[in-house]
1. Cβ contacts < 8 Å: first residue closer than 28 Å to ASP23 by Cβ and open to solvent by 70 Å² or more (accessible area, probe 1.4 Å), restricted to region 36-64; second residue assigned to a loop (DSSP other than H, G, I, E, B) and small (Gly, Ala, Ser), any location; separation 6+ or different chain. Result?
2. So, in region 42-67, exactly how many residues are over 13 Å from the mean Cα position of the chain (by Cα) and not small (Gly, Ala, Ser)?
3. Those residues that are within 13 Å of GLU39 (Cβ to Cβ), among the aromatic types (Phe, Trp, Tyr) and touching a helix residue (DSSP H, G or I) at 6+ places or on another chain (Cβ under 8 Å), I need them from region 7-29; list them, please.
Amino acid sequence: MDENTRYQVLRNDEEQYSLWPADLDVPAGWQPVGKEGTEAECSAHVDEVWTDMRPRSLRERMADTEA
């Protein structure tokens, strides 16, 4: 990975995040979240917003069993 590469933050339906080069097509199953920048900037954003690493479906199942 090159220091000059611009990245974007992607999220999938399970609310998992990934960094992706901004000049490449977004892969199927992922959507941009509107954050673009250096690898460090995008990683910092992911660290801030992705506070629960469990996939959304697991969180929902666990919440259903607790209710």
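1. Taking only residues 6 or more apart or on different chains, the pairs are GLU36/ALA22.
2. 8
3. TYR7, the sole residue that qualifies.
The values are calculated or read from the model by the stated rules, or taken from the named source; none is laboratory data. Keep in mind that this is a model prediction, so the values were computed, not measured. When we count neighbours, we look across all protein chains shown, and the Cβ atoms used for this are built from the backbone with ideal geometry, even at glycine. Protein only, heavy atoms only, side chains kept; ligands, DNA and RNA dropped before computing areas. Shrake-Rupley method; radii C 1.70, N 1.55, O 1.52, S 1.80 Å.
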